[in-house]
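Everything below concerns the one structure shown next.
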Amino acid sequence: MAEDAISQPRTRRVSTKRAAPADTPSDAQAHAPAGRAEVEDTRTKLLRSAAAEFIEHGFAATDTNRIARRAGFAPQTFYRWYKDKVDIFIQVYLAWEEAETAILSELMVRQSTSLQIAEAYAEGHRSFLIFRRHLRQLAYEYPEVRQARADSRKRHIARIQQWQPRLQASEEEIASILLQLERLCDAIAESEFADMGLSDQGALHMAAHLIDRLRTEH
């Protein structure tokens, strides 16, 4: 299932705008081996639960009580680790980004073809189809989601530069290629080519061509 791509959430604190409950573990407790495992387990269960809810039902139809109960916790447990539904939505997005990065890194190490990388991109977008629909919408409604998406894209640019240190392309050029690739993979995931009676193969080869432009060995 798509939510299986979610592993450990990033280590972070909830916003200081909401006071933490009295029984929230302290920093010292969080750094203790047993305590840290418990904290990560709780946070990860909530994160995976949220991913499943967002993927199955979308953002609007999901609430924090359902997320907590699906993870096996009382509703109030949610607010010990996350500020609100938007906060955990962003954390699911970051976890998806990390999972996608791990897959792409492995493909780069294996010297996979650009077409194989394009297929992996498209599959990632298919797996999180409903989630990405809401990501696009929420980026217009919530500045923090829009900023998270922008930050994710900038990290992607930095990773391209790290993977391809000899690449002669500006950040603006890399961003333009990545945005084209992102939109193309969304169109594949949304079956927009099938709507026109077309196969995805031409789009995948176009995506591979875009990836070629980001690889110095091609």
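The values are calculated or read from the model by the stated rules, or taken from the named source; none is laboratory data. It should be emphasised that the depicted structure is a prediction, and the values quoted were computed from it without experimental measurement. Because the Cβ atoms are built from the backbone with ideal geometry, glycine has one as well, and the counts that use them run over all protein chains shown. Note: areas computed on protein heavy atoms with side chains; ligands, DNA, RNA excluded. Shrake-Rupley method; radii C 1.70, N 1.55, O 1.52, S 1.80 Å.
Looking at this structure, is A189 surrounded by 11 or more Cβ atoms within 10 Å (Cβ to Cβ), of a type in the set (A, V, I, L, M) and modelled with pLDDT of 95 or more?
Details: surrounded by 11 or more Cβ atoms within 10 Å (Cβ to Cβ): yes; of a type in the set (A, V, I, L, M): yes; modelled with pLDDT of 95 or more: yes.
Answer is yes for this residue.
In the set A150, A189, which member is more than 19 Å from L115 (Cα to Cα) and under 17 Å from the mean Cα position of the chain (by Cα)? Quick ask: steps written out before the conclusion?
Working: A189 fails: more than 19 Å from L115 (Cα to Cα).
One residue alone meets the criteria, A150.
Out of G202, G197, I need the residue that is at positive phi and loosely packed, with under 12 Cβ neighbours inside 10 Å. Which one? First the steps, then the outcome.
Working: G202 fails: at positive phi.
Result of the check over G202, G197: G197.
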Problem set entry | Among (1) at pLDDT below 95; (2) touching an Asp or Glu at 6+ places or on another chain (Cβ under 6 Å); (3) over 19 Å from D186 (Cα atoms) - the single one G124 does not satisfy | (3)
For this session: Kindly list the number of the only condition in (1) touching a Pro at 6+ places or on another chain (Cβ under 9 Å); (2) at pLDDT below 90; (3) hydrophobic (A, V, I, L, M, F, W, C) that fails for L46.
Result: (2)
Exercise. Can you name every residue in segment 54-76 that is surrounded by fewer than 19 Cβ atoms within 10 Å (Cβ to Cβ) and not in a loop (DSSP other than H, G, I, E, B)?
Worked result: E56, H57, N65, R66, R69, R70, P75, Q76
For this session: Please enumerate the residues belonging to segment 109-163 that are open to solvent by 30 Å² or more (accessible area, probe 1.4 Å), hydroxyl-bearing (S, T, Y) and not in a helix (DSSP H, G or I).
Result: T113, Y142
For this session: Considering every residue within segment 174-185, establish whether at least one is open to solvent by 30 Å² or more (accessible area, probe 1.4 Å), in contact with a Ser or Thr (Cβ under 9 Å, 6 or more places away or on another chain) and not aliphatic (A, V, I, L, M).
Result: no
Seminar exercise, completed: Within segment 77-102, the residues that are open to solvent by 60 Å² or more (accessible area, probe 1.4 Å) and over 18 Å from the mean Cα position of the chain (by Cα) are Y79, R80
